[in-house]
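Reading through the structure tokens given below for one structure.
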Amino acid sequence: MLLAGGLFLLLPLLWHPGDDLTFMGWRIMVDFQDHACIPGAGIFLVDTADRSPERGALFAFRSRGGGFFPGDQIMIKHMAGLPGDRIQVTAAETRVGDQIVARGLGAAVYAGADPALFVRSLTLGEDEFFMLGESERSLDSRYWGNVHAKDLVGRAYLVYQRSAGAASAP
């Protein structure tokens, strides 16, 4: 416990925002976005040895871009869809099978894009996952598509959450 507390005390000396820190198979990632896709998110620990898919779990992965942002960024989202799942994205909602997992296409509206550009139905391939954020304006698989197994970095755990008054997406 003392080691973990000491690490967090030394963190500002070893690291600066925008970078992440890897230590013994764990990666420390910090989300300082004003409009986070996981509202209130702050500091995550990512277990780079655990890439076992689990619906609903948080995972870090490498993005491959998709119009709104450059590729090869590490992101953290919930794993909403697993291989073989049927996904339906409409302007009103996103479904995995028969379950509604998200409402609307708020990021498209916020960016001034036509939500109709993102409406589609698909079945995930054997190494594909559908990743979702929690906020209305989250940029996620609804906009840039599926994540492949080779792009999973590891299971993520939220270890520090900002206060309720901290800026986050609506």
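Quick notes on this one:
- The listed residue being more than 18 Å from Gly56 (Cα to Cα), within 18 Å of the chain's Cα centre (by Cα), of a type outside the set (S, T, N, Q) and open to solvent by 40 Å² or more (accessible area, probe 1.4 Å), out of Arg137, Arg103: Arg137
- Each residue in segment 101-110 was checked for being part of a strand (DSSP E or B) and more than 12 Å from Leu132 (Cα to Cα), and 0 pass.
- Scanning segment 117-132 for residues that are outside any strand (DSSP E or B) and in contact with a helix residue (DSSP H, G or I) (Cβ under 9 Å, 6 or more places away or on another chain) yields Leu117, Phe118, Glu126, Asp127.
- Being β-branched (Val, Ile, Thr), at pLDDT below 75 and open to solvent by less than 40 Å² (accessible area, probe 1.4 Å) holds for only one residue in Ile43, Ile38, Ile87, and it is Ile38.
- Scanning segment 82-95 for residues that are among the aliphatic types (A, V, I, L, M) and without any contact (Cβ under 8 Å) to a residue 40 or more places away in the chain, we see that the one that is farthest from Ser121 (Cα to Cα) is Ala92.
- Restricting segment 140-170 to residues that are under 13 Å from Ala60 (Cα atoms) and among the small types (Gly, Ala, Ser), the residue that is modelled with the lowest pLDDT is Ala156.
- Pick from segment 113-130, criterion open to solvent by 70 Å² or more (accessible area, probe 1.4 Å) and at pLDDT below 95, ranking: nearest to Pro83 (Cα to Cα): Leu117
- Each residue in segment 46-73 was checked for being at pLDDT 80 or above, assigned to a loop (DSSP other than H, G, I, E, B) and either open to solvent by 40 Å² or more (accessible area, probe 1.4 Å) or under 11 Å from Arg155 (Cβ atoms) (or both), and 11 of them qualify.
- Selection from segment 90-99 of residues that are assigned to a strand (DSSP E or B), open to solvent by less than 60 Å² (accessible area, probe 1.4 Å) and not hydroxyl-bearing (Ser, Thr, Tyr): Glu93, Val96
The values are calculated or read from the model by the stated rules, or taken from the named source; none is laboratory data. None of the values given here were measured: they were computed from a predicted structure. Cβ: placed from backbone, ideal geometry, glycine included. Neighbour counts: every protein chain shown. Heads up: the accessible areas ignore ligands, DNA and RNA and are worked out on the full protein's heavy atoms, side chains in. Shrake-Rupley method; radii C 1.70, N 1.55, O 1.52, S 1.80 Å.
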